[in-house]
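Okay, so here's the structure we're looking at.
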Amino acid sequence: MGRTFALAATAGAVIAVDWLRLEEPRIDANRAAALVALAIVPALVRPLVLRVVALCATLPFAAWLAFSLSPSAVRPGGSGYLGPLGGRFRAGFLDFYDFRLPFDPSARTRMHMVVLAAIFAFTLVVALLVAARWALAAVLAFLLGAGWPATLLAGGHELGRGAVILAGVLMLLAGLSNRPGRLALPATAAVVLLALAFSSSPAVAKSAFLDWQHWDFYNRPQKPVTVRYVWDSNYSGVRFPKKRTTVLTIDGPSTALYWRATVLERFVADRWTESLRIEPPEERRLVVPRTADRIANAIRQEVRVGALDDDHLIGGTIPVAYNISEPARYAGQGVVLLPDRLHRDQHYTVWSYAPSPSPAELAGVPASYPAPLTAPGRDLEIAPGIDAAPFGVPGREAELSARLTGRLEPYRRLLDRARAVAGRTASPYAAAVALETWLRSSGGFTYSEQPGLTPGVPALVGFVTETKTGYCQHFAGSMALMLRLLGVPARVAAGFVSGKSSGTHWTVTDHDAHTWVEVWFRGYGWLPFDPTPGRGRLSQSYSSTSRAFNPAAAARLLAGLVTGGEVFGKGGGAGGPLPLDSLRPSPRSAADVGVRGLSAPFAKDNHHSLLLFLALLGAATCGTIAIAKTVRRRLRYLTRDPRRIASACGLELWEFVRDQRLSVARGATFAELGGAVTDELAVDATAFAHAASAARFGPPADAVASARRARTELRELKRRLRRRLFVLDRARGLVSLRSLGFS
């Protein structure tokens with residue numbers, strides 16, 4: 001009883017500590033300790049009948065402690081048993097995959113109840129298995145109970161927690177052995193070696209292989225989420241939820257499109273804001289290309305809404321038409337709003353205009369803009385009442401610089417930087433792709449969800465001229481504003497990058513929320529550009545983000561159109577043109593991969609990850625047992641004494657037949673052991689018995705040769721025994737604990 005109490009109490013303490021780390025602050029350690037003690041009680045009661053009675057008696061009190069239900073409410077067989085208890089457990093369990101961890105137990109009481117229930121349940125199982133002396137099952141239950149919290153909350157002192165769990169495993173193995181002193185050294189060495197092998201393996205050490213942060217044990221519909229925090233231009237940082245939520249599924253083109261929700265058209269008080277208005281028909285005729293209104297040329301998408309909390313209809317690139325059964329209102333600039341907001345499983349069809357002109361075609365587009373775009377307060381507005389003159393107008397930059405005074409004076413630095421990057425050119429496309437390339441790859445910028453701000457300086461000015469660290473709002477907002485400062489109509493678009501594809505089926509999550517830039521070109525309308533490094537890829541070949549973009553060809557094309565630019569100009573800027581390699585999109589950083597929610601190459605779906613973890617757990621346990629048995633067997637042969645070698649041969653054969661569930665006394669003679677093998681397994685062991693007896697009891701002069709012959713006969717005997725045994729019997733014997741002295 002004392003050994004059972006010590007082992008169960010220690011295992012329960014480790015389990016309780018690992019589960020309580022999911023809570024912050026930790027408010028109920030005393031109740032957790034009481035549940036551990038309550039779980040141990042049935043294991044201390046004998047015989048089996050009384051143990052069952054004790055178990056039935058403790059369950060209601062455990063439910064009372066964990067779920068704040070009276071014992072009568074959870075009486076087994078009572079009407080309330082599966083109602084309050086089951087409902088609270090289910091709701092609390094599912095919440096672990098919807099809320100950020102660690103959680104506040106005072107705010108998430110049902111999650112706190114589940115933590116307490118898990119502590120009691122795992123401690124109870126381990127205690128009962130310890131009492132039954134089922135060592136392997138007890139170790140597996142302990143590993144699951146102490147290790148599961150790590151799949152919910154990674155980070156912190158993982159190495160220390162792993163060492164504690166490892167110590168708990170060794171404690172159970174040694175404590176349940178009939179000969180703990182002889183087992184401790186080889187078991188410790190085997191487990192430590194196995195742990196080091198697993199931790200140093202590049203396949204196992206990477207969390208992406210198990211992907212445990214994304215396990216989800218249910219198919220309950222996800223709660224609708226909003227992504228407006230990504231579109232809100234406060235530049236103070238964004239934090240994507242730990243759990244990815246599917247917001248849209250789209251059946252459409254096989255090539256990637258950005259899924260557009262709205263546009264941020266006005267730059268007011270140092271930030272981009274949504275200011276939608278319906279264009280008059282005459283303005284639409286001037287701004288929207290004729291080809292955009294031809295549905296036959298448009299790209300069709302079938303959109304199904306998932307868990308998205310928003311009132312914008314989402315469509316690819318530039319939506320031009322919708323088919324939806326619910327009431328909807330056109331708000332202008334290709335944006336459609338739903339008064340009743342989106343709802344789960346809502347389905348609609350959208351047609352999008354997505355032209356893909358070549359760089360050469362855009363390089364030839366003149367800086368000629370219709371009056372609606374250059375009107376005051378429209379797409380060249382820098383601040384309320386301050387508008388830039390159109391691109392290419394003589395003296396425009398000096399005039400604009402003179403107007404950037406007072407609060408707007410810091411934006412002169414942004415104008416100077418835009419002129420230095422773009423150079424002197426008559427091509428708006430050259431300026432646009434130069435700024436996109438500079439921000440995305442060659443300007444030394446870094447993506448960060450939590451960038452620093454420069455006190456006293458507008459956020460975008462500080463981003464471009466000082467910190468060079470930000471997220472999509474910084475990159476898109478800066479490029480759009482710098483283009484306006486140069487006189488090119490531009491605005492910020494908001495929505496989602498393409499997401500994950502399976503042929504023509506696209507899955508979009510809240511982690512795909514994004515902003516980019518739209519630039520107007522005569523004959524093509526608004527075209528997307530994306531200056532954010534590594535965040536997404538446009539399919540159009542004119543953008544440096546596209547895999548089809550040819551940087552060498554673009555450099556040759558635009559170098560003849562630009563003078564003095566830092567990207568394409570010859571002989572100007574800081575040291576002349578940059579190398580052609582600088583035009584290539586920068587590789588994804590590790591931080592960006594985490595933001596986008598891209599799956600690692602080895603990541604599996606949620607349920608497969610759980611099966612993989614359980615398989616690895618089983619393999620680790622079996623490997624530990626096999627290594628422990630091998631190490632102990634080899635240690636016996638570290639001697640030159642033939643008498644001891646003969647004894648080691650006898651023990652090795654005894655352990656082999658013991659693992660095959662043969663009842664042979666440990667002190668049996670070689671003849672008795674060989675006879676049992678011959679009778680029970682139908683393999684003649686006479687030669688081995690004679691050689692081992694001669695080595696152990698024969699004349700000293702012949703003992704060395706007899707010992708060598710005994711080892712040879714033993715190897716041959718075991719080979720014949722393995723051939724005789726069924727493969728499952730051999731596997732069972734490999735991991736059996738019977739030969740290690742477990743009852």
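Quick notes on this structure:
- Exceedance of the 26 Å cut-off in Cα-Cα distance is limited, within the set Lys223/Lys468; Lys243/Lys500; Lys468/Lys500, to Lys223/Lys468; Lys468/Lys500.
- Trypsin sites (Lys or Arg not before Pro) lying in DSSP loop within segment 636-743, provided at most 14 other Cβ fall within 10 Å: Arg640, Arg661, Arg666
- Average projected area [Cα convex hull, segment 628-674], square nanometres: 3.4 nm²
- For Lys718, the aspartates and glutamates whose Cα falls under 20 Å of its own Cα, not counting residues fewer than eight places away in the same chain, are Glu652, Glu655, Asp659, Glu672, Asp679, Glu680, Asp684, Asp729.
- Kirkwood-Stokes translational diffusion coefficient of segment 1-47, alpha-carbon pairs, 25 °C, 0.890 mPa s, µm²/s: 215 µm²/s
- Rounded to the nearest 10 Å², the accessible area of Arg412 at probe 1.4 Å: 70 Å²
- One decimal place: the segment Thr465-Ser106 gains 124.7 nm when fully extended, by the rule 0.36 nm per residue minus the C-alpha distance.
- Of the trypsin sites (Lys or Arg not before Pro) in segment 511-554, the ones in a loop by DSSP (not H, G, I, E or B) with at most 10 other beta carbons within 10 Å are Arg547.
- Peptides 3-13, 280-290, 444-454 ordered by average Cβ neighbours within 10 Å, highest first: 3-13, 444-454, 280-290
- If R0 is taken as 51 Å, the Cβ-Cβ distance between Arg46 and Ala671 corresponds to a FRET efficiency of 0.80.
- Spin-label pair Val53/Ile324, simplified geometry with 7 Å Cα→Cβ offset, distance in nm: 6.8 nm
- Charge context of Pro319, other residues only, Cβ under 13 angstrom, K/R +1, D/E -1: 0
- Shape of segment 612-694, Cα gyration tensor, a/c cut at 1.5: oblate
- Sites Ala552 and Thr255, calculated FRET efficiency, Cβ-Cβ separation with R0 30 Å, nearest 0.05: 0.85
- Under 5 Å from the amide H of Gly316 lie the amide H atoms of Arg260, each residue being 5 or more positions distant or on a separate chain, with H modelled from the backbone and absent for Pro and chain starts.
- Using the Cβ of Ala703 as centre and a radius below 12 Å, the other residues enclosed give a net charge of +4, where K and R count +1 and D and E count -1.
- Extension gain for the segment Arg644 to Leu453, taken as residue separation times 0.36 nm less the Cα-Cα distance, is 61.2 nm to one decimal.
The values are calculated or read from the model by the stated rules, or taken from the named source; none is laboratory data. None of these values were measured; they are calculated from a predicted model. Note that each Cβ is placed from the backbone with ideal geometry, even for glycine, and that neighbours are counted across all protein chains shown. For the accessible areas, the whole protein counts, side chains as well, though only heavy atoms, and no ligand, DNA or RNA atoms are used. Shrake-Rupley method; radii C 1.70, N 1.55, O 1.52, S 1.80 Å.
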